[in-house]
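The values are calculated or read from the model by the stated rules, or taken from the named source; none is laboratory data. Keep in mind the model is a prediction, meaning the values are calculated, not measured. Cβ sites come from the backbone with ideal geometry, for glycine too, and all protein chains shown count toward neighbours. Ligands, DNA and RNA are excluded from the accessible area calculation, which covers all protein heavy atoms including side chains. Shrake-Rupley method; radii C 1.70, N 1.55, O 1.52, S 1.80 Å.
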Amino acid sequence: MLNIVLFGPPGAGKGTQSERLIQKYGLVHLSTGDIFRANIKGETELGKLAKSYMDQGALVPDEVTINMLRSEVLKHPEANGFIFDGFPRTNAQAVALDAFLSELNTTISIMLALEVEEAELRTRLLLRGQNSGRPDDVNPEIIQKRIDVYNNETKPVKDFYQGQNKFVSINGIGEIDEISTRLYQAIDALK
Ligand code: AMP
């Protein structure tokens, strides 16, 4: 199985690049942000809970997020592999993901970290907010909060994968095609 953690701050291009990777490698795309937004749209209990955190730019609690992710993985027993997009975002989530995948006799193959500087992220997110319909992309204070949460809580997850020799840094600046090529090269080097 090819299991990829696509990592990076908000606005790094994880969603855009995931779309390409799932097509090229035949993977199941699990974006925790997308799953939460689908629950908000469906007005589920999970959606109501997630919204209260997402609207503030804060992380949804680990236990809730981990349980949700686990049940999504179990919905795809025939998968060739997964792209985890926006997960793990804390060390506790990374530890839980490892434990869970080992129960399924598989493991993370690689963490691909899209690197984009902060000023560029702010510009991209504000631009996205004009047509994404995402409330958390509109308010500059919430955008900054999400970037701060990334720096404080999520960035350390890199070390977790670095410790397993699975971390690969990818320049996230440039044309979308160019960035995809960088990702393909990193994945194909695994074979
Ligand atoms: P995203 O679509 O990845 O930018 O996520 C949007 C929001 O969903 C985040 O700001 C968090 O509030 C929440 N979220 C998404 N993934 C996670 C996660 N792995 N852990 C906690 N909260 C998450």
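Brief remarks follow.
- The chain - percent of accessible surface contributed by carbon and sulfur, probe 1.4 Å: 51 percent
- Relative contact order, percent, region 124-185 [alpha-carbon distance under 8 Å, six or more residues apart]: 15 percent
- Most mobile listed residue (Leu59, Leu74, Leu112) in the chain, GNM with C-alpha springs under 10 Å: Leu74
- Summed over the residues of the chain and divided among them, the accessible surface reaches 50 Å² per residue at a probe radius of 1.4 Å.
- Under 18 Å of direct C-alpha separation, and excluding same-chain neighbours fewer than eight residues apart, Lys145 reaches these lysines: Lys51, Lys155.
- Placing unit charges on each Cβ (+1 for Lys and Arg, -1 for Asp and Glu) gives the chain a dipole about its Cα centre, and among Leu27, Leu114, Leu183 the Cα reaching farthest toward its positive end belongs to Leu27.
- For the chain, relative contact order (Cα pairs under 8 Å, six or more residues apart, normalised by length) works out to 32 percent.
- Cα-based Rg and Dmax for region 12-100, where Dmax is the largest Cα-Cα distance (Å): 13.1, 36
- What the pair-distance distribution of the chain shows, using all Cα-Cα distances binned every 10 Å from zero, is 9, 38, 39, 14, 0 percent.
- The charge dipole of the chain, taken about its Cα centre with unit charges on the Cβ atoms of Lys, Arg (+1), Asp and Glu (-1) only, comes to about 160 debye.
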